[in-house]
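Where a number appears in this text, it was derived from the coordinates with a stated rule and is not lab data. This one's a predicted model, so the numbers in the text were calculated from it and none came from an experiment. All Cβ positions, glycine included, derive from the backbone under ideal geometry; neighbour counts span all protein chains shown.
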Amino acid sequence: MVKITIDEESIEAILKYAKTHRNEIREILKIIGEEALSVLTEKEVLKEGAKLYREIQREINYTYRKD
C-alpha cells in the first residue's frame, strides 16, 4: 500500500518507488489510458468534442480569413 500525502518526504518516496517499480507504474498508466480512451469514445463526450472542434475551426477561419 502506498500512502500519498503532500509533503517533501512523501514526494521523494513516490519518486523513488516510481523509479524502482517501472513495470507497476507502466501497468497503472496503461489502465488509466484505457479508461481515458473509453471515456473519450462515449457518445456525449464525442458530441462535446465535435462542438469544441467546430468552435475552434470557426475561430481559426475568422482569424485567418482573407480580407
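Here are the numbers for this structure:
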| read-out | value |
| --- | --- |
| Ellipticity estimate at 222 nm from DSSP helix runs (n ≥ 4, -39,500 (n - 2.57)) divided over the chain, nearest 500 | -26500 deg cm²/dmol |
| Filtered chymotrypsin sites (Phe, Trp or Tyr not before Pro), the range 24-67: DSSP coil and at most 14 other beta carbons within 10 Å | TYR64 |
| GluC sites (Glu not before Pro) lying in DSSP loop within the range 9-67, provided at most 12 other Cβ fall within 10 Å | GLU42 |
| When the chain is reduced to its Cα atoms, the Kirkwood hydrodynamic radius in Å | 15.9 Å |
| Top positive-direction residue, dipole computed over the chain with Cβ charges, set ILE31, ALA50, ILE11 | ALA50 |
